[in-house]
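The values are calculated or read from the model by the stated rules, or taken from the named source; none is laboratory data. Predicted, not measured: the structure shown is a model, and the values here were computed from it. Methodologically, a virtual Cβ is constructed for each residue, glycine included, from the backbone with ideal geometry; neighbour enumeration extends over all protein chains shown. The area values use the complete protein model at the heavy-atom level, side chains included, leaving out ligands, DNA and RNA. Shrake-Rupley method; radii C 1.70, N 1.55, O 1.52, S 1.80 Å.
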Amino acid sequence: MTSVSITRLQARGQSLWIDNISRSMLDSGTIERYIGEFGITGLTSNPTIFDHALHASAAYDDALRKMTRVSSSSEALFFTLALQDLFRAARLFQPIHASTHGRDGWVSLEVSPLLANDTAATVDQALKLHAQAGLSNLLVKIPGTPAGISAITQSIASGVSVNVTLLFSPGQYRAAASAYMAGLESRLEQGKDLRIGSVASIFISQWDQAVKDQVPPHLHNKVGIAVAHSCYNAYRDILQSDRWLRLAQAGAQPQKLLWASTGSKDPQTSDVLYVDALIAPDTINTVPEKTLIAFSEHGRGEQTMSEHTNDMGTVLQELSDLGLHISTLGNQLQRDGAKALVDSWEDLMQTIAAKKTNF
């Protein structure tokens, strides 16, 4: 039975996704149980998640042993393993995807983080992963870096559904939304179907970690939420724009905002801070398992973001008064996030290579 807090959250129009996947979670029925017990309607993954899964379990060893005989590339092996897992997960979420007409029920797979600054290579890999997966409810994750923005437009235009990742500021979000619309406009000009899925992932907790030593105590653990409010205001503005309304009238679906990195990292604050604070209609919150369980046990799910808009505007004004500029900090956080993913990717490739040598 779904908890009261999750029922309240969903009643306010928000979807709850799980930010994790592993073969052992699939084999044990954990993901299926999360769908039934917690109302999870989608799933996200990244190289760090798969790296942890490979380190923590021998569940992939048999598959790796068989595939090593036909492929020597660690990257090729990884994508094969990841797509095997995501294919199984996608089947679990397919009924949700169908019943919501493609508005929910998605799973996500990230392109290689090494391509974050290479538009052409990103587009090429996105197209290949999309074709290799053959899944109607797979989002290919492309970073919202300057090179990624163009790749998003080209991928959407080609019919690839995209999860725009590594977004940290309203400016970055607007660029991602514009890229999505540009891709749809290209399809509209060619008379193609506009029902291409997309979400824009705004990263939250990194903000509070980044500024904790630069802001007074009363602003601790409030900056990420304030930035999310600013992004949400931009989201609502875009949905009312003539540009978007033209696409919507032609059959396009909104690129939903997705709150990412919403596990609290400060032991002095609530472990469900970013879930309770970021409830809003037509948005998604993707949460770690630990946060999901905590929210089901003691989350409130009572208030929506619109009830705190004025307070968050004050936070942003105080940041500005301190000389901390959202656009500048957001760009640094994006660069840091891209580097962290590269580090995880390289560790993942080393993990696969090490396992291969032992077969």
Do we find a residue being in contact (Cβ under 8 Å) with a residue 40 or more places away in the chain and within 29 Å of residue 195 (Cβ to Cβ) anywhere in the stretch 54-62? no
Yes/no for residue 243 being out of contact with any Gly (no Cβ under 8 Å at 6 or more places or on another chain), open to solvent by 60 Å² or more (accessible area, probe 1.4 Å) and of a type outside the set (Val, Ile, Thr): yes
Where a residue in the stretch 266-285 is farther than 27 Å from residue 213 by Cα and surrounded by fewer than 19 Cβ atoms within 10 Å (Cβ to Cβ) and its partner, wherever it lies, is among the hydroxyl-bearing types (Ser, Thr, Tyr) and at pLDDT 95 or above, with Cβ under 6 Å and at least six apart: none
Against the definition (more than 19 Å from the chain's Cα centre (by Cα), assigned to a helix (DSSP H, G or I) and not small (Gly, Ala, Ser)), how does residue 83 come out, yes or no? no
Members of the stretch 188-242 found to be farther than 17 Å from residue 275 by Cα, touching a residue at least 60 places away in the same chain (Cβ under 8 Å), touching a helix residue (DSSP H, G or I) at 6+ places or on another chain (Cβ under 9 Å) and aliphatic (A, V, I, L, M), listed by number: 188, 210, 211, 215, 219, 234, 238
Is there a residue being of a type outside the set (Val, Ile, Thr), surrounded by 13 or more Cβ atoms within 10 Å (Cβ to Cβ), over 23 Å from the mean Cα position of the chain (by Cα) and farther than 30 Å from residue 36 by Cα anywhere in the stretch 323-346? yes
Quick check on residue 294: is it touching a residue at least 12 places away in the same chain (Cβ under 8 Å) and not in a helix (DSSP H, G or I)? no
How many of the residues in the stretch 91-132 are over 22 Å from residue 252 (Cβ atoms) and touching an Asp or Glu at 6+ places or on another chain (Cβ under 7 Å)? 2
Members of the stretch 1-59 that are aliphatic (A, V, I, L, M), under 28 Å from residue 346 (Cβ atoms) and either part of a helix (DSSP H, G or I) or open to solvent by 10 Å² or more (accessible area, probe 1.4 Å) (or both): 25, 26, 31, 49, 53, 54, 56, 58, 59
Based on this model, can you work out whether residue 357 counts as without any contact (Cβ under 8 Å) to a residue 24 or more places away in the chain and open to solvent by 20 Å² or more (accessible area, probe 1.4 Å)? yes
Subset of the stretch 60-78 [open to solvent by 40 Å² or more (accessible area, probe 1.4 Å), in a loop (DSSP other than H, G, I, E, B) and closer than 16 Å to residue 350 by Cα]: 72, 73
Can you tell me which of (1) in a loop (DSSP other than H, G, I, E, B); (2) under 18 Å from residue 325 (Cβ atoms); (3) of a type outside the set (S, T, N, Q) is the one residue 196 doesn't meet? (2)
Residues in the stretch 83-123 that are surrounded by 15 or more Cβ atoms within 10 Å (Cβ to Cβ) and either in contact with a Leu (Cβ under 6 Å, 6 or more places away or on another chain) or of a type in the set (D, E, K, R) (or both): how many? 16
